[in-house]
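To start, the structure itself, in C-alpha cells.
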C-alpha cells in the first residue's frame, strides 16, 4: 500500500467536530481506522480535553498509549488531568519504560505513586529505576528494554532471548553482550544474528569496541556522540561499567530539534516556550520581559544623552549618527556571539584557549572596523560637510566595533561557564548591551573631540 | 571493552606533528590503530593536505574511505585535489552509493567522469542514477543499497538475499517488499526475520502501511516525516511508486543539524558558512555584508534626521528617545519574526490562514503596545518634565510596536514564499528595517504633535 500523508483539511476538521458534538462514535472510528497514530495526535490539538478523550477511548489501548506519548508535555499534562488513575495505569502499562517514566514525572506525585504501585511488575521496577535520573542526562533519556546476552551463548540462544522480549513492540537493533556482573562487553548487530549459523558463539561475532555513554552524560553530549559516530543506538552504563539501558536515535532526534527550538527562542528574545497559536495572554507574556529590558535600556540611554544636552544644542548633527553607531554595535555584537554559540554547539577539535580566540576576534574586528570607519568617514565628508564631526563619528564607530566584538565574544562564554544556554547571549541581551556601550563610546568621543 | 572517548590533547597533537615531520609511519600507525575513524577525521583538521594524505595512506582502505566521507565538503574538496584519479576510484569503491555520489558531485566534472567510468559495475549504475537528483531532495539523500524481497518469498529466501548484500558493511533495518514491477508493497523488519520460522511467507509478516517519500521531496520535509513517525529508515519511491532507494535516520540527523546551523548563521547576520577558526579574511568577509547594510541604514537615518534639524535644535530632548524607539522596534520585530520562523519550521496542524494570524499578532502587539507605552509615559513624566514630549514618545512607541509586529510577521512569510530560508528575516534584516521604520514613525509624530 502506498503511503499518503493524512491531510487535515478544514473541511475534515469541521465534519469531525460535528461528529464529536453528536458523539457519533461510528463515524469517528471509521475515519481514524486507517490513519497513522502520529496524525491522530496532530488532530487532537484541535479539540478540547473531553472531546480528545472521547476519541481516544474509541481506539485500541496500543494506539491510545502511542498517541498520549506523542503529545507535547504541556498539552499532555493538562489533558491527562481528566483521566482516572486506573485509566492512566492501563495506558502507561503499554509504554516503553523511558516513555512511562517521562509521563509519570509530569503527573502529581500522589497520582504517579498510585500508578507505579499498580504497574506490571517488570515495568514497575524499570520505571522506579529510571525516575532517579534527571530528565536531561543519559539516564533520563534511556529505556530499560534491551536484550542482554553472554559471550558464551550461541546465536540461537540470543534469538530465544529476543523472542522472550518480543511481546512488547519495542524496536531492537542489537543484542548487548555482558559478563556475569552485567559489565558491558560489546554488541552483536541483528544483521549478524541473521547471517551467522545458529551455532556460532557470540564471542566470535562480538564487536567489542562499542561506544557507550555513562548515565550522567548530558543529553546534548549524547546527541553529539551519536551524530559523530553514526550510531542508531547507544548503551548506557553506570560508573561500574554495568549496562543499565540504551538510547535510540529517535529520542536523540527529538533532543536535537528541541535544542534548535530553544536556541531560536533565546535568540529572538522570547522567554517562554510559546507558539503563535497559543493563547493571547501567553504570547504577550512571553514577549514582555525582553521588551521591558529594552525599554529600560532606552530610558537609560535617554538619561545618558541628557548629560550632553549642551553639546547637542550646539551641534544638532551629533544626534543624527546615534542610529548608525547603535545599529553597527548591535550587528557586530550579534555576529560575534552567534559565532561563539556555534562553536560551543559544535565544539572545534583543539581548543586553542581563550587568549588566542580573543586575538583572532580582535584582528577581525580591527579589519572590519578600519574598513567601515573609512567608508563612513568618506560618506560623512561628502554628505554632511562637517569635518570634525566626520572624524568623531568614524573614530567612535571604530571603537564601537572593537568593543562590541569583545563583548559579543566574551558574554556567551561567560553565560556558558555559568551553566546557562549561551544562545541567551545572542539575542536582545547583546543588542541592549551594545546599544548602551555604543552610546557611551560615542558621547565620550564627542566630549573629548568637539 | 569500555569505550573511552579519544581526547585530542595539544601534547598528542604536537607529538603527532613531530612524527609527521619525520614521516615516522610506525608511530602514526600504532597510535591510530585503536582510534575510531570519526576521531581520526577530527585529527586531520589539524594538518595540511600532504600530511593528512600521508596519514590516510597508512590506514586500511575501509577506514580511509570512512574518514574521507566524514570530512566536511569544503575541506574534502580541497583535500581530494591532491589525489590521483586511481586513488580516488579506490576510495569511492568502498563507499555506499549515496556517499559516493555526494563526493563525485564535489569533484571537477572531468575527474568524476573518469572515476565513474572505472567504478565497480554495481556501484557505477547506482551512482549514475543518484547523480540525477538535487542534493537537497529525497533522491539526493537516498542510498541505493537495499534489500528487496517478493511477497511470496519465505523468511529463508530473504535471509539469503541479505547474505548476498552483506559483503558491503551497510546497515540494514528492514527488507523491502516489492511486486514484479518493483512497486513498493511494504516492509519486514529484521527483528521479524529473526523471530519467525524460516518457512514463514513474507506476505504473512509484511507491514503494508509503510510510509514512503517521493524522490523530489525536500530534505527538510523528509526529516520532518521521519521525526514525526519515528522512522529509522524510509523507502524512496519514484512517481510510479517504484522503490528506488532508502534514507536512513543518520543522514537525516545531519540534515537537521545543518539546518539549525544555517538558521543560526542567518539570524546572526553571518553570510558565509564560517567558523571562528577559519581564516581571518574569511571571517571578515562573512561579516561585512550585513555590517555594510547596517551602515547604509545608519547613513539613511542620519540624512532623515537632518530634515528635522529645526525641531531638534528647538527641543534637543527629542533626540534622547531615538535609542528607546529603535531598540523596542528591533526587539518587537525580532520576536515576531522568530515566532513565524518557528511556525514555519514546525508547521502547526491546521493553517488558520493569513488573516487570522495577522489578527492574533495585532492583538498581541496592541496589548504589549498599550502596556509599554503607559510605562514609558509614566517614566518620562517623572524624569523629563516635558508633558508634550512624553505624549509624543509614548504614542510613537505604541505605533512602532504595532508596525514592527506587522513587518516582523509578514517579512519571513514573504521570504519563505519567495523560496528563501525565512530565518534570513529574523536577523539584521529585520533590525535594520525596524530601525528605519521606527525613526520615520517617531519623527512624523514629532512633526505633527510638537
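Taken together, the values in this text are just the output of simple stated rules run on the coordinates, not laboratory data. Since the structure is predicted, the reported quantities are computational estimates derived from the model, not experimental observations. Please note: Cβ atoms are built from the backbone with ideal geometry, for glycine as well, and neighbour counts cover all protein chains shown.
With the convex hull drawn around the C-alpha atoms of chain B, the volume per residue stands at 220 Å³. Cβ-Cβ distance of residue B:358 and residue A:128, R₀ of 41 Å, FRET efficiency by 1/(1 + (r/R0)^6): the value works out to about 0.25.
Note on residue B:391 and residue A:418: their simple-model spin labels are 4.2 nm apart, each label 7 Å out from Cα toward Cβ.
Between the range A:20-87 and the range B:201-270, the alpha-carbon centres lie 26 Å apart. With the simple model of a label 7 Å out from the Cα in the direction of the Cβ, residue B:282 to residue B:77 spans 1.1 nm. Quick one: work out the % antiparallel among DSSP beta bridges in chain A, nearest 5. DSSP beta bridges in chain A are roughly 75 percent antiparallel.
Using a cutoff of 8 angstrom between alpha carbon atoms and counting only pairs six or more residues apart, the relative contact order for the range B:310-450 works out to 41 percent.
In degrees between 0 and 90, to the nearest 10, how far off the longest principal axis of chain B does helix B:121-130 point, with axes built from Cα atoms? Here the helix axis deviates by roughly 20 degrees.
Over the range B:172-327, what is the mean sequence separation of C-alpha contacts under 8 Å (at least six apart), divided by residue count, expressed as relative contact order in percent?
13
Angle of helix A:49-58 to the longest C-alpha principal axis of chain A, folded into 0 to 90 degrees and rounded to 10: 30°.
Listed from fewest to most Cβ neighbours within 10 Å, the set A:99, B:179 follows the order B:179, A:99. Copy-to-copy label distances for residue B:346, where each label lies 7 Å from Cα along Cα-to-Cβ, are 2.2 nm in order of increasing length. Between copies, residue B:370 shows label-point distances of 5.6 nm, shortest first, with the point placed 7 angstrom from Cα along Cα to C-beta.
Rounded to the nearest 500, what is the 222 nm mean residue ellipticity of the protein assembly as shown from helices alone, with -39500 (n - 2.57) per DSSP H run of 4+ residues and division by all residues?
-20500 deg cm²/dmol
Stretched out straight at 0.36 nm per residue, the stretch from residue B:239 to residue B:61 would grow longer than its current Cα-Cα span by 60.3 nm.
Taking 0.36 nm per residue of separation and subtracting the current Cα-Cα distance, fully stretching the chain between residue A:48 and residue A:440 would add 135.8 nm.
Distances from residue B:391 to itself in the other copies, using label points 7 Å out along the Cα-Cβ axis, amount to 4.5 nm in increasing order.
Over all residues in A:34-42, what is the mean tally of Cβ atoms on other chains that come within 10 Å of each residue's Cβ?
Average per residue, whole number: 3.
Treating r as the C-beta distance of residue B:86 and residue B:272 and R0 as 60 Å, the FRET efficiency rounds to 0.95.
Taking a ≥ b ≥ c as the square roots of the eigenvalues of the alpha carbon gyration tensor, the range A:117-163 is oblate, as a/c is not under 1.5 and a/b does not beat b/c. Exposure proxy for A:264, A:23, A:150: other Cβ atoms within 10 Å of each Cβ, ordered fewest to most, give A:23, A:150, A:264. Per-residue Cβ neighbour counts within 10 Å put B:341, A:210 in the sequence A:210, B:341, beginning with the fewest. Cα centroids of the range B:397-446 and the range B:95-146: 43 Å apart. Only bridges whose two residues both fall in the protein assembly as shown count here: according to DSSP, what percent of them are antiparallel, nearest 5? Looking only at bridges with both residues in the protein assembly as shown, the antiparallel portion is about 75 percent. How well do other chains shield peptide B:286-293, expressed as the mean number of their Cβ atoms within 10 Å of each residue Cβ? The mean count of partner-chain Cβ atoms within 10 Å per residue comes to 5. Within 10 Å of the Cβ of each residue in B:225-232, the mean number of Cβ atoms contributed by other protein chains is 6.
Just checking the listed ones, A:386, A:49, A:416: in the Gaussian network model of chain A with Cα springs under 10 Å, the one fluctuating most is A:386.
Determine, from the Cβ-Cβ distance of residue A:195 and residue A:165 and an R0 of 35 Å, the FRET efficiency 1/(1 + (r/R0)^6), rounded to the nearest 0.05. Plugging the Cβ-Cβ distance into 1/(1 + (r/R0)^6) gives 0.95. Against the longest principal axis of chain A, how steep is helix A:61-70, in degrees 0 to 90 to the nearest 10, with axes from Cα atoms? For A:61-70 against chain A, the angle is about 10 degrees.
In chain A, Cα pairs under 8 Å separated by at least six residues give a relative contact order of 10 percent.
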